[in-house]
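Trainee: Here it is, the structure in full.
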Amino acid sequence: IPRVVPDATLFLNSREVFLRRPNWRSGIGLDIIHNREQVDFGNAIKTFVPKDFHVETRNERFTSFNEASTDEVVDLFHRMRGKAGEFYHPTWEKDVVPTRDFGDNSPVIYVAGGDLADDFAGTTTARAIYLRLIDGTETLHTVTAVREVVEGDETFSVLDLDASIVPAITVDEVELCSWLYVWRFATDRLLVEYESDSVSEISTSFALLEDR
């Protein structure tokens, strides 16, 4: 009897969220291609201009020690119908490092310096974050804007959230705050290698999408 693929249980903005951590010992591969568009100005010369959105492919490897862990990745692949569907998945990096306590009645996160705002103001990809606290609490939040704020002699990058985080969180409670990007599978094939009856390795690639 064919196994029935279960429905997804975690969503953000109507997209499934996949919170499985990859195997860091195998390394995370990243390929970035900056697209160029050919423009014909009618002078018989081919001109290529950069496009705003680049193509980023992330290669991840998942180690599973039981059938349920293997099925977790395989089920996502089937629900997405290969590279047809879209889902959220964190970078698992410390992309956002809060410099002030946040939450309660203020839906903003302050980050020291203006670099984050320089890189992500007006972004079409970094529009959500994954937040994990030291006590294991995990939350997901939509980012409405990334902007620079100058207060006296200090410059900050500020993330505006769609809603306040309740209760308030101190910076010492934060274990990880990552960008939560939208991805699709980069291929319609999923490689599952069984090292034993219970241990498997799954290698796959995700292609970055705009979060619209």
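The values are calculated or read from the model by the stated rules, or taken from the named source; none is laboratory data. Since the structure is predicted, the reported quantities are computational estimates derived from the model, not experimental observations. We place every Cβ from the backbone using ideal geometry, glycine too, and count neighbours over all the protein chains shown. Ligands, DNA and RNA are stripped out before the accessible areas are found, and what is left, the full protein with its side chains, is counted by its heavy atoms. Shrake-Rupley method; radii C 1.70, N 1.55, O 1.52, S 1.80 Å.
Trainee: Quantify, in whole percent, the carbon and sulfur part of the accessible surface of the chain (1.4 Å probe; protein heavy atoms only).
Mentor: Answer for the chain: carbon and sulfur cover 48 percent of the accessible area.
Trainee: With N denoting the number of residues in the stretch 88-212, provide Rg(C-alpha) divided by 2.2 N^0.38 Å, to two decimal places.
Mentor: 1.25
Trainee: What figure in square angstrom, to the nearest 10, would you give for the accessible area of Ile129 with a 1.4 Å probe?
Mentor: For Ile129, solvent-accessible area is about 0 Å².
Trainee: Here is a further query. Going from most exposed to least, what order do Arg184, Arg20, Arg3 have by accessible area with a 1.4 Å probe?
Mentor: Sorted descending by solvent-accessible area, the residues read Arg3, Arg184, Arg20.
Trainee: Another one. In what sequence, largest accessible area first, do Glu154, Glu16 appear using a 1.4 Å probe?
Mentor: From most exposed to least exposed: Glu154, Glu16.
Trainee: Expressed as a rounded percentage, what relative contact order does the stretch 66-212 have, with Cα pairs under 8 Å and six or more residues apart?
Mentor: 32
Trainee: Separate question: Would you indicate which of (1) 18.2; (2) 19.3; (3) 16.9 is the value of Kirkwood radius over Cα pairs in Å derived from the coordinates of this structure?
Mentor: Computed from the coordinates, Kirkwood radius over Cα pairs in Å corresponds to (2).
Trainee: Another question about this same structure. Tell me the mean residue ellipticity at 222 nm calculated for the chain from its helices only (DSSP H runs of n ≥ 4, each -39500 (n - 2.57), averaged over every residue, nearest 500).
Mentor: That comes out to -2500 deg cm²/dmol.
Trainee: Okay, next question. Each residue of the stretch 4-19 in turn: what ³J(HN,Hα) in whole Hz from Karplus with 6.51, -1.76, 1.60 and θ = phi - 60°, glycine and Pro shown as x?
Mentor: 7, 6, x, 6, 5, 10, 10, 9, 9, 6, 6, 10, 5, 10, 10, 10
Trainee: Please give me the summed charge of the neighbours of Glu93: other residues whose Cβ is under 14 Å from its Cβ, Lys and Arg +1, Asp and Glu -1.
Mentor: -1
Trainee: Pick from Asp153, Asp104, Asp197 the residue whose mean-square fluctuation is largest in a GNM of the chain, springs joining Cα atoms under 10 Å.
Mentor: Asp153
Trainee: Under a GNM of the chain (C-alpha, springs under 10 Å), which listed residue has the highest mean-square fluctuation: Val55, Val108, Val146?
Mentor: It is Val55.
Trainee: On to the next question. Please calculate how many Å² of accessible area the chain carries per residue, with a 1.4 Å probe and no DNA, RNA or ligand atoms counted.
Mentor: For the chain, the per-residue accessible area is 57 Å².
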